[in-house]
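Peer 1: Okay, here's the structure, questions in a sec.
No lab work stands behind these numbers, since they all come straight from the coordinates. As the structure is a computational prediction, the values presented were derived from the model and not from experiment. Neighbour counts are summed over all protein chains in view; Cβ atoms, including those assigned to glycine, are modelled from backbone coordinates with ideal geometry.
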Amino acid sequence: MEETFTGYIDDLELFDASSLAPEVTKRVVFGPGRFWYDYTMRHFSLPAGTVIPDHVHDWPHYMIGLSGTGFVIIEGKPLEIPAMGWAHVPGGVTHGYENPGPEPFVFLCIVPTEGDPHMKLKRFRMERAVRKVSQK
């Protein structure tokens, strides 16, 4: 089997991210099963007017804006993330996201794999498969 080293984001599996907000799309660029095990790089698109409510968890986020303009709200303070801008959200702080603009806000977001429910499950299944093989 030939390994692929390049590709297009639009060709990657589209995951259901509606638990964040309606119509938010997510694709995983790197993570378990594709070059990265402990971290996951996701590609998100937040439609105009989208708000992801405040929430908190233990892991950090590392973000890079690709197009449009959005805001990360950290402990009530809105911080702009323009195209080609970056942001860091420390673990353990209350944060949310907002796209008040007229176009989608598209960004990359890196989290430890435990911070993405789809990739956390994928890593668990990969680990379980390895244990089964090694037990034989």
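Peer 1: Build a GNM of the chain with springs between Cα atoms under 10 Å: which of LEU12, LEU66, LEU108 gets the top mean-square fluctuation?
Peer 2: The residue that fluctuates most here is LEU12.
Peer 1: Another question, then. Could I have the simple spin-label model distance between ARG128 and SER67, label points 7 Å from Cα toward Cβ, reported in nm to one decimal?
Peer 2: The answer from the label model is 3.8 nm.
Peer 1: Here's another thing I want to ask about it. Using θ = phi - 60° and the Karplus form 6.51 cos²θ - 1.76 cosθ + 1.60, what ³J(HN,Hα) does each residue of region 75-84 get, whole Hz, x for Gly and Pro?
Peer 2: My calculation for region 75-84 gives 6, x, 9, x, 10, 6, 10, x, 4, 6 Hz in order.
Peer 1: How far, in nm, would the chain grow between ASP54 and GLU114 when pulled straight, counting 0.36 nm per residue and subtracting the alpha carbon separation?
Peer 2: On the way: separation 60, 0.36 × 60 = 21.60 nm, distance 1.91 nm.
Contour length minus Cα-Cα distance gives 19.7 nm.
Peer 1: Report the convex hull volume per residue for region 10-135, counting only C-alpha atoms, in Å³. Don't skip to the end; give the middle numbers.
Peer 2: Values: hull volume 13.2 nm³, N = 126.
It is 105 Å³ per residue.
Peer 1: Mean-square fluctuation check for the chain, GNM, Cα pairs under 10 Å: which of ARG34, ARG42, ARG125 is largest?
Peer 2: Checking each option, the largest mean-square fluctuation is seen for ARG125.
Peer 1: For the chain, set up a GNM with springs between Cα atoms under 10 Å and report which of ASP11, ASP38, ASP58 has the largest fluctuation.
Peer 2: ASP11
Peer 1: Here's something else I'd like to know. Calculate how steeply helix 117-135 sits against the longest principal axis of the alpha-carbon atoms of the chain, using the helix alpha-carbon long axis, and give the answer as 0 to 90 degrees to the nearest 10.
Peer 2: It is inclined by approximately 10 degrees.
Peer 1: Amide H neighbours of TRP36 under 5 Å, at least 5 residues apart or on other chains, H built in the peptide plane: list them.
Peer 2: GLY31
Peer 1: Less than 18 Å apart at the alpha-carbon level, and either on another chain or at least 8 residues along: which aspartates and glutamates does that give for LYS26?
Peer 2: Straight-line reach from LYS26, under 18 Å: ASP10, ASP11, GLU13, ASP16, GLU98, GLU103, GLU114, ASP116.
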